[in-house]
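The structure under discussion appears below in the form of structure tokens.
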Amino acid sequence: MKWEGQEQSSNVEDRRGSGMGGVPRLGGRRGIGLGSIVIALVVGWIFGINPLTVLGLLGGGGGPAEVTQQTPAQAPPADDRAAAFVSTVLRDTEQVWGAQFQAQRQAYQEPRLVLFRGAIPSACGMGQSAMGPFYCPGDRKVYLDLGFFDTLQRQLGAPGEFAQAYVIAHEVGHHVQNLLGITDKVDGMRGRVSEAQMNALSVRVELQADCLAGVWAHDSQAGKGWLERGDLESALNAASRIGDDTLQREAGAAVRPERFTHGSSAQRVRWFQRGFEQGRVASCNTFDARDL
């Protein structure tokens, strides 16, 4: 992936050296994560607890959590290659979605991306590295511990820079859903439908974010041509490696589709490919799709 030398985003907050910085009060909105690899995998699928409950980032519903004052955010160091990569990918998502929204005569509100280590307070509650990257609708920020990229490569078998770019684009896809009002509509169903129905809605939310990541990849490649041989395959492999069925099997548990919250490996690959091949937000309507 030929990303070096490209424009970087100014919307990256480096909180890796600030500790937790503050303690959130309960009642925040639910964060939306990519894979939530460790906690949901072990606690949820092995012990039969709904991963949405485990990963709820202190629960859903209500307004944003109040967070005590944090130390001021800093920009990442200029010589931090990993942070430069993240900043470059984020900037490209800003350009792609800015153009997409402008075409619909809407203004795109750029999210901020927070780099952290260990744990971080957010408007959705306390985020932890073990949860994987997540997007918080309450403060419109993407939270990322760069150590997740090592997990992606070494533990999940999904190496490659474009696999990492897919992770970022997926979380930004959740931001797009938030701006379009999709997040609020789905969250409004919480408590009104059964757990199984809520899980099914969660799958459609996550697959749509995968598709939106594909739309970004389509437009990004059309504009920059920065993908190299094997890059697309690395993103598709990442989507496959974090499918619910694959993670359940690797946890030593039986595959239980009724507990899926992100979609099967085949579904995640299919919807990312759909977005990439068609390049249209309208092609990402997972909620009306009969066959996911």
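Read-outs throughout are calculated quantities, based only on the coordinates presented, and are distinct from any laboratory measurement. The structure displayed is predicted, hence computed values, not measured ones. So basically every Cβ, Gly included, is an ideal-geometry build from the backbone, and we count neighbours across all protein chains shown.
Quick notes
- Between Arg81 and Arg229, the contour length at 0.36 nm per residue exceeds the Cα-Cα span by 51.1 nm.
- Charged-residue dipole, Cβ positions (Lys, Arg, Asp, Glu), region 197-271 about Cα centre, Debye nearest 20: 120
- Over all projection directions, the Cα-based convex hull of region 108-209 averages an area of 7.0 nm².
- A straight chain from Asp288 to Gln153 at 0.36 nm per residue would run longer than the Cα-Cα distance by 45.2 nm.
- Here's how it looks for Ala123: its modeled amide H is under 5 Å from those of Asp139, which are all 5 or more places away or on a different chain.
- Residues with amide H under 5 Å from that of Ala158, placed H, sequence gap 5 or more: Gln153
- Under 5 Å between amide hydrogens, built in the peptide plane, is the criterion, and for Val12 it picks out Leu113 among residues at least 5 positions away or on other chains.
- Straight-distance crosslink candidates among lysines, where the alpha carbon sits under 23 Å from Lys141 and sequence neighbours closer than 8 are dropped: Lys185
- Between Arg280 and Arg256, the simple label model (points 7 Å from Cα in the Cβ direction) yields a spacing of 4.0 nm.
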